[in-house]
Amino acid sequence: MLRPGADLTAALLADVGIGIFRSAPRQHHVAFIYEAEGRGILLSHLPTHRAFRGADPWDPKYFWTTLAGLEATNKQVFAAWLTALANKPIQVAYGFSDAGCRFDRDEAGEVVFVNVTLGKGLTCATFLIVALESFGYRLLVRDTWPARAEDKEWQTQILEQLRQCGLMNDAELDLLSNDVGSVRFRPIEVAASAHRANWPVNFNDASALAEQILAQIAELRFAPKQAPPAAKVAAGVALTTDAPAKTPARKAKKAKTRKR
């Protein structure tokens, strides 16, 4: 299902795919992988609030898979669209709800990001979903996803991280807090769904495929450098967790050695 990053070549990629890496136990980040003419294989992704990165060099720490739901010609067109997106200095807000968010073209034919409601935005996972939907492809059957208690806990944790690192102002944080408890599409579920040829994918199928991917990652002993939940990316925070990180237990104090 997934292939190691070290195996990736332009021929195998066939223009565009999806990459996923584990930054720490139960923490994942997803990105588009695409080939840009004259520039090689690149990454297009959203690491954090207003920090869209459309042309990062390929990093072999990612596992990768193809976009199985796209035909060969459409893969070429979508890779060209990602290239055009990378050439635009767009601002993509981070948000737990992507309601009203889409990518479009302006009167000059340039790719733009449209966000009609303050407080809404994208995660690394919904960036992929919304980009494909804007292109005319529905990856997921969205209304089959349930609201999960562990996702609400995750959102609360991310909100606090954003508050502490100062990436959002108070008004933005207040708006984002209104969406704590929103339905969440996890990075591992998006990567799993992308690999399936028949789109859109419902929640039950995506969950089963996600478990297979997690087992495969464990089997291949994929172990990149560990990063804390608030790992800094550029000037911000990498908001990539699939589940809330547990607070590590305090280390027991060493017993004092008695003098003889």
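Quick note: the coordinates plus some simple rules give every number you see, no bench work behind them. On a predicted model such as this, the values are computed, not experimentally measured, just so you know. Virtual Cβ from ideal backbone geometry, glycine too; neighbours counted across all protein chains shown.
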Worksheet item: Regarding segment 5-237, what whole-number volume in Å³ per residue does the convex hull of its Cα atoms give?
Response: 125 Å³
Item to complete: With r as the distance between the Cβ atoms of Glu150 and Leu12 and R0 = 35 Å, compute the FRET efficiency 1/(1 + (r/R0)^6) and round to 0.05.
Response: 0.50
Item to complete: Mind checking which of Val141, Phe103, Val77 is farthest towards the positive end of segment 68-194's charge dipole, using Cβ charges of +1 (Lys, Arg) and -1 (Asp, Glu) about the Cα centre?
Response: Val77
Practice prompt. In nm, give the distance between the simple-model label positions of Asp143 and Asn202, each being 7 Å from the Cα along the Cα-to-Cβ direction.
Written response: 1.3 nm
Fill in: Backbone HN-Hα couplings from phi across segment 40-57 [Karplus 6.51/-1.76/1.60, Hz, Gly and Pro as x]
x, 8, 10, 10, 10, 7, 10, x, 6, 5, 6, 9, 4, 10, x, 8, 6, x
Fill in: Whole-angstrom gap from segment 50-123 to segment 139-160, using each part's C-alpha centre
21 Å
